[in-house]
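Data first, discussion second: the structure below is written as structure tokens.
The values are calculated or read from the model by the stated rules, or taken from the named source; none is laboratory data. Since the structure is predicted, the reported quantities are computational estimates derived from the model, not experimental observations. FYI the Cβ positions are ideal-geometry reconstructions off the backbone, even for glycines, and counts take in every protein chain you see. Accessible surface is based on the protein model in full, side chains and every heavy atom, while ligands, DNA and RNA are left aside. Shrake-Rupley method; radii C 1.70, N 1.55, O 1.52, S 1.80 Å.
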Amino acid sequence: MPDMVPAFRGWLPPNLAISSITGNLRGHDVHMADLILVRNKLTSSIKNLLIEYKPEVIGFSAMSFQFNTARRIAEFIKSLDKDIKTVLGGYHATLMYKEIAEDGNAEPFDFILRGESDLSFGELILAIEGKAIYGDVMGLSFRQNGKFAHNPPRPLEDLSKIALPNRTNRVWQGYAFGIKQLDIFETSRGCTMPCNFCSMNQMYGRKFRTYSTDRVIKDIANAKKQGAKYLAIADDNITLNPRRFEELCDAITEAGHNDIGYIVQTSCTGIASSDTLAEKMARAGFEFIFLGIENVSERNLRIMRKGNIINSIKRAVELIHKNNMLIIGGMIIGNSEDKEEDIAQNYEFFDRYNIDFISDQIITPYPKTGIREELIKAGLVTNLDDYRKYNGFWANVCTKYLDSEELQFVKWKNKKKYSTFYKTTPTFKTRFPLVYLLRVLLLRPYCRVKDTIRSLGKTEKEVFLEEMGHFNHLNDFNELNT
Ligand code: B12
């Protein structure tokens with residue numbers, strides 16, 4: 001889907017889900033399209049797709065905050081050609097298929113495919129061709145007697161049966177991280193941790209499955225062959241087995257694939273559990289480490305079922321920086337007991353430990369997560385079901401001391417005050433001296449002037465409201481209404 005979160009504008013990865021599904025579909029003419037690459041010319045791009053590829057089946061991949069757009073695009077496509085079969089899949093479909101089927105939101109969809117669909121999508125296509133029975137496709141919801149019939153959930157796949165993603169059938173290019181071509185791959189699926197704000201458990205249970213090292217190396221070679229200079233790893237918690245991750249790093253180095261940059265998300269406990277992992281990661285080409293710090297208050301870590309990881313946080317930060325890798329610090333604020341100072345202490349900590357990028361999110365009561373039940377019970381959810389706002393950027397909750405707007409404002413103020421754009425960290429300076437110079441000599445003065453002009457005669461709150469107003473329309477795609 002074309003929807004984006006302001007914080008992710010520099011990130012344009014291909015969607016691995018549909019790359020994998022198309023990589024596992026045999027005997028058909030299949031392509032994938034990331035609408036984020038054409039988000040400013042959506043309807044004309046979609047019309048051209050229909051003319052050029054004459055699709056008989058179109059699949060839609062959507063997270064919860066993207067579901068509304070998926071529904072509107074499916075409606076738009078049905079208005080152009082009602083015979084095209086439409087299939088909804090991905091996180092929101094897997095979490096909310098029953099509700100979607102009952103509340104009318106499934107209107108423009110002929111099928112809902114839940115859970116892992118690398119292989120089930122092919123089974124659905126066989127059924128559409130009349131070569132299989134809809135009722136036999138595990139994880140499928142299909143129309144029967146005017147309403148949706150839901151087949152049993154799909155058991156988790158044996159990863160050794162999943163073929164590599166297809167990276168040669170992307171209708172548009174432009175995937176990038178900064179100015180370099182970006183691609184994405186996975187080495188494992190799932191996570192065993194009990195964090196109650198995460199949707200993973202609903203997709204994969206608390207199971208952790210891994211691909212063979214040989215498959216991972218082949219996947220990297222495949223992505224490099226398509227020109228990737230940066231590779232993001234989609235694993236939720238590759239550091240669940242640090243020993244294995246070390247072996248993967250060594251295999252990447254031995255295969256000579258340490259000639260590109262890697263971006264990965266890791267846990268603090270995983271990194272802190274080994275004295276050699278960070279070093280091996282650096283040697284293998286890892287550059288940007290998304291570190292799940294989440295929060296620096298023991299009370300909030302307890303609320304999020306993260307356990308007291310404060311010491312692991314400090315150790316992980318030290319090890320990653322010692323090996324000259326950059327940290328994208330994951331931060332989750334807006335927990336039930338939070339006052340302004342509780343939130344500020346996270347930004348102060350990130351500043352003190354020179355976290356290179358702040359990826360701050362407001363706790364979001366994603367559907368079917370444990371934290372949602374708790375926050376609803378506590379009467380702290382202020383936006384129950386407008387899922388368009390469910391992406392960590394917006395406040396969909398309040399705390400016992402801050403209402404949603406105050407929470408949004410405190411986040412905005414602190415992000416500005418501790419911006420790593422205006423205060424460059426030592427590791428960033430070392431890794432990107434030219435970008436640093438560009439920042440100091442050009443970008444910062446330019447942004448300062450722009451900010452000053454924009455806030456002339458306005459209070460800080462007015463500037464804040466204006467900026468939120470702008471972001472509020474980021475994913476409107478009004479052209480879909482015509
Ligand atoms: C990589 C990733 C990102 C990347 C790239 C996202 C992208 N465009 O693909 C980045 C870093 C940009 C990102 C950002 C965000 N992400 Co993210 N992300 C992930 C992550 C870690 C991996 C996704 C992935 O590629 N998995 C591997 C593929 C193979 O699995 P899959 O996506 O589940 O796909 C399978 C099924 O879902 C299904 N399926 C999926 N699509 C389709 C489509 C059809 C037609 C069918 C039939 C089936 C199907 O079949 C696929 C193959 O088995 C997931 C967690 C996870 N491990 O899945 C979180 C996750 C998807 N992200 C999440 C969120 C919330 C976000 C953000 C909104 C918020 C945030 N700040 O993190 C932002 C917004 C991004 C934006 N667009 O602006 C949540 C979504 C929760 C929800 N209920 O919607 C997840 C689940 C994390 C979580 N812990 O809860 N993300």
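The lone criterion from (1) surrounded by 17 or more Cβ atoms within 10 Å (Cβ to Cβ); (2) more than 21 Å from Phe8 (Cβ to Cβ) left unmet by Ile333 is number (2).
Does Thr369 satisfy being modelled with pLDDT under 95 and under 28 Å from Asn311 (Cβ atoms)? Yes, satisfied. Of all residue pairs spaced 6 or more apart or on separate chains, those with beta-carbon atoms under 7 Å, a first member in region 8-37 that is near the ligand (Cβ under 7 Å from one of its atoms) and open to solvent by 30 Å² or more (accessible area, probe 1.4 Å) and a second member that is polar (S, T, N, Q) and assigned to a loop (DSSP other than H, G, I, E, B) are Ile21/Ser117. Close contacts from region 189-207, counting a first residue that is at positive phi and a second that is aliphatic (A, V, I, L, M) and near the ligand (Cβ under 8 Å from one of its atoms), with Cβ to Cβ under 6 Å and a gap of 6+ residues or different chains, come to none at all. Being within 7 Å of the ligand (Cβ to nearest atom), touching a residue at least 40 places away in the same chain (Cβ under 8 Å), charged (D, E, K, R) and open to solvent by less than 30 Å² (accessible area, probe 1.4 Å) is true of Asp3. Only one of (1) surrounded by 16 or more Cβ atoms within 10 Å (Cβ to Cβ); (2) under 23 Å from the mean Cα position of the chain (by Cα); (3) away from the ligand (no atom under 13 Å from the Cβ) is not met by Ile179, so which one is it? The number of the failed condition is (1). Here Met138 clears all of (1) open to solvent by less than 40 Å² (accessible area, probe 1.4 Å); (2) free of Cβ contacts under 8 Å to residues at least 40 places away in the same chain; (3) in a loop (DSSP other than H, G, I, E, B) except the condition numbered (1). Among the numbered conditions (1) touching a residue at least 60 places away in the same chain (Cβ under 8 Å); (2) open to solvent by 40 Å² or more (accessible area, probe 1.4 Å), the only one that Thr420 does not meet is (2). For region 461-481, filtered to residues that are open to solvent by 60 Å² or more (accessible area, probe 1.4 Å) and of a type outside the set (Lys, Arg), the residue that is nearest to Arg39 (Cα to Cα) is Asn478. I need the full set of residues from region 343-373 which are open to solvent by less than 30 Å² (accessible area, probe 1.4 Å) and of a type outside the set (A, V, I, L, M, F, W, C), in order please. If the condition is that a residue be open to solvent by less than 30 Å² (accessible area, probe 1.4 Å) and of a type outside the set (A, V, I, L, M, F, W, C), then Asn346, Tyr347, Asp356, Ser359, Asp360, Thr364, Pro365, Pro367, Thr369, Arg372 are the ones that fit. In region 167-180, the count of residues that are under 25 Å from Leu124 (Cα atoms) and part of a strand (DSSP E or B) is one or more. Scanning region 55-81 for residues that are near the ligand (Cβ under 8 Å from one of its atoms), open to solvent by 40 Å² or more (accessible area, probe 1.4 Å) and outside any strand (DSSP E or B) turns up just one, Met63.
Only a single item in (1) farther than 25 Å from Pro367 by Cα; (2) surrounded by fewer than 16 Cβ atoms within 10 Å (Cβ to Cβ); (3) more than 13 Å from the ligand (Cβ to nearest atom) is not met by Asp158, and it is number (3).
Listed by first and then second residue, the pairs with beta-carbon distance under 8 Å, at least 6 apart or on different chains, first residue in region 377-391 and more than 17 Å from Arg71 (Cα to Cα), second modelled with pLDDT under 95 and assigned to a loop (DSSP other than H, G, I, E, B), are Asn391/Val5.
Screening Phe409 on (1) in contact (Cβ under 8 Å) with a residue 24 or more places away in the chain; (2) more than 24 Å from the chain's Cα centre (by Cα); (3) open to solvent by less than 80 Å² (accessible area, probe 1.4 Å) shows it passes everything except condition (2). Taking the criterion of being more than 21 Å from Val5 (Cβ to Cβ) and either in contact with a Pro (Cβ under 6 Å, 6 or more places away or on another chain) or open to solvent by less than 70 Å² (accessible area, probe 1.4 Å) (or both), the residues of region 441-460 that qualify are Leu443, Arg444, Pro445, Asp451, Ser455. Within region 82-96, work out how many residues are in a strand (DSSP E or B), of a type in the set (Val, Ile, Thr) and open to solvent by 10 Å² or more (accessible area, probe 1.4 Å). So the count comes out to 0.
Number of residues in region 412-456 that are hydrophobic (A, V, I, L, M, F, W, C), assigned to a helix (DSSP H, G or I) and under 25 Å from the mean Cα position of the chain (by Cα) equals 2.
The single condition from (1) open to solvent by less than 60 Å² (accessible area, probe 1.4 Å); (2) away from the ligand (no atom under 11 Å from the Cβ); (3) without any contact (Cβ under 8 Å) to a residue 60 or more places away in the chain that Leu126 fails is (1).
Counting only residues that are in a helix (DSSP H, G or I) and open to solvent by less than 20 Å² (accessible area, probe 1.4 Å), which one in region 97-121 is nearest to the ligand (Cβ to nearest atom)? If you could, list the steps in order and put the result at the bottom.
Initial filter on region 97-121 (in a helix (DSSP H, G or I)): 97-102, 120-121.
Now restrict to residues that are open to solvent by less than 20 Å² (accessible area, probe 1.4 Å): 100, 120.
Working: Ile100: 13, Ser120: 7 Å.
Among those that are in a helix (DSSP H, G or I) and open to solvent by less than 20 Å² (accessible area, probe 1.4 Å), it is Ser120.
Residue check: Asn196 meets all listed conditions (1) more than 17 Å from Ser273 (Cβ to Cβ); (2) open to solvent by less than 30 Å² (accessible area, probe 1.4 Å); (3) touching a strand residue (DSSP E or B) at 6+ places or on another chain (Cβ under 7 Å) but one, namely (3). Looking at region 356-392, which of its residues are of a type in the set (Asp, Glu), assigned to a loop (DSSP other than H, G, I, E, B) and more than 28 Å from Lys423 (Cβ to Cβ)? Once the filter is applied, which keeps residues that are of a type in the set (Asp, Glu), assigned to a loop (DSSP other than H, G, I, E, B) and more than 28 Å from Lys423 (Cβ to Cβ), region 356-392 yields Asp385, Asp386.
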